[in-house]
1. Restricting the stretch 38-65 to residues that are at pLDDT 90 or above and part of a loop (DSSP other than H, G, I, E, B), which is surrounded by the most Cβ atoms within 10 Å (Cβ to Cβ)?
2. Tell me, which helices (runs of 4 or more DSSP H) lie completely within the stretch 159-245 with 3 or more residues that are under 18 Å from residue 25 (Cβ atoms) and modelled with pLDDT of 85 or more?
3. Residue by residue through the stretch 130-161, note down the ones that are in contact with a strand residue (DSSP E or B) (Cβ under 7 Å, 6 or more places away or on another chain) and surrounded by 18 or more Cβ atoms within 10 Å (Cβ to Cβ).
4. Looking at 100, 69 in this structure, which one is part of a helix (DSSP H, G or I), in the same structural domain as residue 37 (by TED's automatic domain parsing) and without any contact (Cβ under 8 Å) to a residue 40 or more places away in the chain?
5. Looking at the stretch 115-140 only, could you name the residues that are at pLDDT 95 or above and assigned to a loop (DSSP other than H, G, I, E, B)?
6. Of these, 91, 107, which one is assigned to a helix (DSSP H, G or I), over 17 Å from residue 46 (Cβ atoms), over 18 Å from the mean Cα position of the chain (by Cα) and in the same structural domain as residue 155 (by TED's automatic domain parsing)?
């Protein structure tokens, strides 16, 4: 598929919020994977602010624990928090120059092989909701065209949150919806832990098993996670349903 078709498809899937099986968690999943596929970046994640202004990881192209810890280090301070607070993009072309400002983040990024970072605000009508993190294995600024495209993708995802219901929504309604999605993501994290423990697998593999199960059965990922956490479904249903090779 050429780049023009990839771009068109990315915006279509971010705007497709009226489908019966639409899941807001998939919206963020689509956003980060579209960024990794379309931009000159090696990894992407999106973090959304909760009611207290703390950034919560909603989706990432890397489900490993080390990557999650890298994101968590930006909660309270860091380029993504600066991006969220100001509502403006933040570029860090060489993370090693920020040792004095963010020593733990610098260590985590270098240990994971990342040298540069670009933060893009996720906002609705100029109201910041969170930040999109774009990481690269090499130093240097992300090219301007990619920064603009990342912003357009992030804006489309924010609009998707506004329009996923057929009921008209005001900005404050979206803030309430965002908090609901954060709660759903917390439930999903518990469910991933349950599946990983049962299967003896990594959290990343558990996430893939859950997504595959929900996709095959055409049910929402949030519903599957809720069923596991409330014990109306057991982890073996997820693990035993995986295709055999």
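1. 41
2. Numbers: elements: 171-199, 203-217, 221-229, 235-239.
Here the list reads 171-199, 203-217, 221-229.
3. Those that are in contact with a strand residue (DSSP E or B) (Cβ under 7 Å, 6 or more places away or on another chain) and surrounded by 18 or more Cβ atoms within 10 Å (Cβ to Cβ): 130, 131, 132, 133, 134, 135, 136, 142, 150, 154, 157, 158.
4. 69
5. 115, 137, 138, 139, 140
6. 107
Results for (1) surrounded by fewer than 16 Cβ atoms within 10 Å (Cβ to Cβ); (2) in contact with a helix residue (DSSP H, G or I) (Cβ under 6 Å, 6 or more places away or on another chain); (3) at pLDDT below 90, shown as yes or no for each residue.
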position: 67; (1), (2), (3): no, no, yes
position: 76; (1), (2), (3): yes, no, yes
position: 80; (1), (2), (3): no, no, no
position: 83; (1), (2), (3): no, no, no
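The values are calculated or read from the model by the stated rules, or taken from the named source; none is laboratory data. This is a predicted model, so every value here is computed, not measured. Quick reminder, even Gly has a Cβ in these numbers, built from the backbone with ideal geometry, and neighbours come from all protein chains shown.
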